[in-house]
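The values are calculated or read from the model by the stated rules, or taken from the named source; none is laboratory data. Note that the coordinates shown come from a computational prediction; the quantities given were computed from them, not determined experimentally. Don't worry about glycine lacking a Cβ; one is built from the backbone with ideal geometry, like all the others, and counts go over all protein chains shown. Keep in mind that these areas ignore ligands, DNA and RNA; they rest on the heavy atoms of the full protein, side chains included. Shrake-Rupley method; radii C 1.70, N 1.55, O 1.52, S 1.80 Å.
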Amino acid sequence: MEEGEEVTIAEDQRVVDISLKDLAKKLEEFAKARDWEKYHSPRNLLLAMVGEVGELSEIFQWKGEVDKGLPNWEESDKEHLAEELSDVLLYLIRLADICGVDLGDAATRKIVKNAIKYPAKAC
């Protein structure tokens, strides 16, 4: 993407399976194009992510328990939720990349570790 180039995404245009590494690359390019890399220290990214987690929390703050799939939510509320979830994910991916952590590999290893620590009960 060239500097000053507008990004437009049609509603029906969706990326189906994008890897964490591809997202990290896109975030790196995005930051470079805007000369934001100097602001992307681990501390700054973490604090920004925590702020986004706060915004995500506000969505659920007074709703009580909600059903899986959010069947009683307005589409605009679901869209807002998707945006805040995306903000958290993107900051997490950028933080991992800046820290030199392969997030996909780390998450996979953590799932294996948790399976050993918390074995499924035999029925």
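Among the DSSP helices (H) of the chain, those spanning at least 24 angstrom by Cα along their long axis with an average Kyte-Doolittle hydropathy of -1.0 or more are 42-60, 75-99; this is a geometric and hydropathy rule only.
Across the chain, counting alpha-carbon atoms alone, Rg and Dmax equal 17.7, 59 Å. Each stretch of four or more DSSP H residues adds -39500 (n - 2.57); spread over every residue of the chain, this sum gives -20000 deg cm²/dmol at 222 nm.
Residue pairs exceeding 25 angstrom between C-alpha atoms, taken from Lys21/Lys121; Lys21/Lys113; Lys21/Lys110: Lys21/Lys121. Excluding ligands, DNA and RNA, the accessible surface per residue across the chain is 83 Å² with a 1.4 Å probe. The portion of the accessible surface of the stretch 10-88 made up by carbon and sulfur, rounded to a whole percent, is 52 (1.4 Å probe; DNA, RNA and ligands excluded).
Each peptide in 45-55, 71-81, 90-100, 111-121 receives the mean, over its residues, of other Cβ atoms within 10 Å, and ordering these scores from highest gives 90-100, 45-55, 71-81, 111-121.
For Asp77, neighbours were defined as the other residues whose beta-carbon sits under 13 Å from its Cβ, and their charges (Lys and Arg +1, Asp and Glu -1) total -4. Seen from Tyr91, the other residues with C-beta closer than 14 Å to its C-beta sum to a net charge of -4, counting Lys and Arg as +1 and Asp and Glu as -1.
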